[in-house]
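The values are calculated or read from the model by the stated rules, or taken from the named source; none is laboratory data. This one's a predicted model, so the numbers in the text were calculated from it and none came from an experiment. FYI the Cβ positions are ideal-geometry reconstructions off the backbone, even for glycines, and counts take in every protein chain you see.
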There are 2 protein chains.
Amino acid sequence: MVGARAGVSVATVSLVTSGKTAGRVSKENIARVQEAVAELGYVVNGLGSSLAKGRSNIVILVAPDVSNPFFAKVIAGVREVLGESFQLLLSVTEAGQTPAPQDVRKLLALRPAGLLVDAPSAHFLAELQMSDPMVLLDAAGITSAAPSINFDVAHGAHLLALHLEAQGHAAVAYLDSSTGTETFRVRREAFHRSAAQLGLKVVAQGSSMIDVGAAALAFTDSWSDWSHKGVSAVVCATDTHAYGVLQEARVAGLAVPKELAVTGFDDLPYSATSNPGLTTVHLPALEMGRLAGRELQKLMAGEAAQTVPKTLPATLVVRGSTAEPA
Amino acid sequence: MVGARAGVSVATVSLVTSGKTAGRVSKENIARVQEAVAELGYVVNGLGSSLAKGRSNIVILVAPDVSNPFFAKVIAGVREVLGESFQLLLSVTEAGQTPAPQDVRKLLALRPAGLLVDAPSAHFLAELQMSDPMVLLDAAGITSAAPSINFDVAHGAHLLALHLEAQGHAAVAYLDSSTGTETFRVRREAFHRSAAQLGLKVVAQGSSMIDVGAAALAFTDSWSDWSHKGVSAVVCATDTHAYGVLQEARVAGLAVPKELAVTGFDDLPYSATSNPGLTTVHLPALEMGRLAGRELQKLMAGEAAQTVPKTLPATLVVRGSTAEPA
DNA sequence: CTGAAAGCGCTTACAG
DNA sequence: CTGAAAGCGCTTACAG
């Protein structure tokens, strides 16, 4: 450790670089060490440091779909809370895929201080059997000992059904995501339940990956059938699906919302500016990131975890895709 | 190290877990160790391992905008090449921002085996002064000792000018990105140069962040002015900008491409399915990821780096936003 | 206020 | 084929 260029012991250098000088190191030595550090461009080796301390300062965020504008907000929220003290890293898996057991193992080998897991599957959590601090995000429908922050997607689906019924729709189609994440099951089942209560008939179903092109294809393949069944609105599991439907509706010359209403879920940035704007369920992503970050901090500080999942409200944003502007 | 439950020394366990048993450990001991590992759910502590070996197996990808569908492909390419041997992690910064010096320092503290830096600024690289393996991606206009993989965006811009001139346009507006990344400077300057050669006039300029809403706003604010100047086409620095323009053109009742042609840059997935489809410059993102991964592997293996930046071809994809379907 | 020393969990020559 | 030992770069009681 070349920092001994300051003429002090390694112990003193360590004290200075980790900021634990209070009443332990003289002013002169602090200055001398800082100077040497600056001159040599010394950076503490996190490997040695973490090993000695028994834990790293890495927080890993595991998510199936990092390349999603919705997720960017979640990340921003987490960063805001975790700040300087932890190094946030994203685990990368195949697009749309939850990481495989061996990926997880490699992550744990880094001995992260904490784990944030977005949209986990039950299977994934079973594999994990984490004892380290862990917080689940968007884990509706999952039971786990780990604290979780969820969106009230069921209520969101309910609001959607209410709105469509009020707009006079009688028969709708549901375009689901084929990724099989729990949140989509909850969205779908809640919508069906609410629709049934209201006398709104879900007469057709479809599904595709979360991709504009795939959703567009799913819609064009089904539309003639749906049309015969009297479908006047398509309820999509995500905004991305809705974009595909909006596009193909335009190609097919269908007037939106007059001949066909379209709804989404997530309220991605694009939904506010599309034409027509997309009626969708807004989920407070930034807030989710913040809460998850805070909960993880507590856990990492050794405090007790929340036991009841925290649920964030979902709200309905009505735009031109379901209602003519007043 | 509880693995000594197999009745062997730590050294033997280490040999087994790192797969270096060839002619060094007996079959029985291999089996015994593997059994103990499985029973105890043992995971090698990467901190200790990396410290002993002098380097980690972490590769960090630094990028200003991870939440971008374009970037998802780059990542896929990198993963494909790096495979099992390295742990790919994404560094997270504020959306659209290149990481600050202190962020970089924290990254280096992890002693990554290699660094992949996307769209770096000259300033960022100066701060870095890396001696570790590093490969730059999309660093057009940057000079650095590190190998880099670039897109030939200048040629792409040239193709765009050629196409617009051939379509009979005489006056166009350029909608730039306000992020100030080098690649946008190159795109803009190349387009202006080519346009000037062809007698195509760039009569107006605008700029916004890379965001559909922001681009839409920039367009509506400028359109009456641009219109007076005889603008018949808007050339956008990214597809995202183009989406904003397309939307507002529709709102304004402008027929695309008849009254207003629109072009993008990047060829995001959405551009193929938008209506009209977006004429844009296709950049081979997956291929860039692969090449960058391969180059980094060479570097990490101690082989000589390529000295000349590798440039991937940009191609023009003509769609409905500039040309009526035949 | 300071430094010598033990130890974090591994890997890797080295001697047997 | 096997194990004892040194060492990777730190941190943290501990003794002074």
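The table that follows gives values for the structure above.
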read-out: Pairs with Cβ under 9 Å, 6+ apart, first in the stretch B:28-45 and in contact (Cβ under 8 Å) with a residue 40 or more places away in the chain, second aliphatic (A, V, I, L, M) and within 13 Å of DNA strand C (Cβ to nearest atom); value: B:42/B:1; B:42/B:2; B:42/B:13; B:42/B:36
read-out: Meets criteria (at pLDDT 75 or above and more than 14 Å from chain A (Cβ to nearest Cβ)) for residue B:119; value: yes
read-out: Selection from the stretch A:64-104 of residues that are among the charged types (D, E, K, R) and either in contact with a helix residue (DSSP H, G or I) (Cβ under 9 Å, 6 or more places away or on another chain) or under 20 Å from residue A:210 (Cα atoms) (or both); value: A:65, A:73, A:79, A:80, A:84, A:94
read-out: Test set (1) outside any helix (DSSP H, G or I); (2) more than 15 Å from DNA strand D (Cβ to nearest atom); (3) out of contact with any Leu (no Cβ under 6 Å at 6 or more places or on another chain) - residue B:60 fails condition number; value: (3)
read-out: Among (1) assigned to a loop (DSSP other than H, G, I, E, B); (2) away from DNA strand D (no atom under 15 Å from the Cβ) - the single one residue A:44 does not satisfy; value: (2)
read-out: Qualifying residue in the stretch B:24-35 (condition: modelled with pLDDT of 85 or more and within 18 Å of residue A:102 (Cβ to Cβ)); value: yes
read-out: Residue list for the stretch B:122-149, restricted to those being of a type in the set (Asp, Glu), over 13 Å from the mean Cα position of the chain (by Cα) and at pLDDT 80 or above; value: B:132
read-out: Count - residues of the stretch A:61-115 that are of a type in the set (Val, Ile, Thr) and more than 10 Å from every other protein chain (Cβ to nearest Cβ); value: 3
read-out: Residue in the stretch B:113-120 that is closer than 22 Å to residue B:212 by Cβ and among the small types (Gly, Ala, Ser) present; value: yes
read-out: Boolean, residue A:38 is more than 9 Å from every other protein chain (Cβ to nearest Cβ), more than 10 Å from DNA strand C (Cβ to nearest atom), farther than 26 Å from residue B:50 by Cβ and not β-branched (Val, Ile, Thr); value: yes
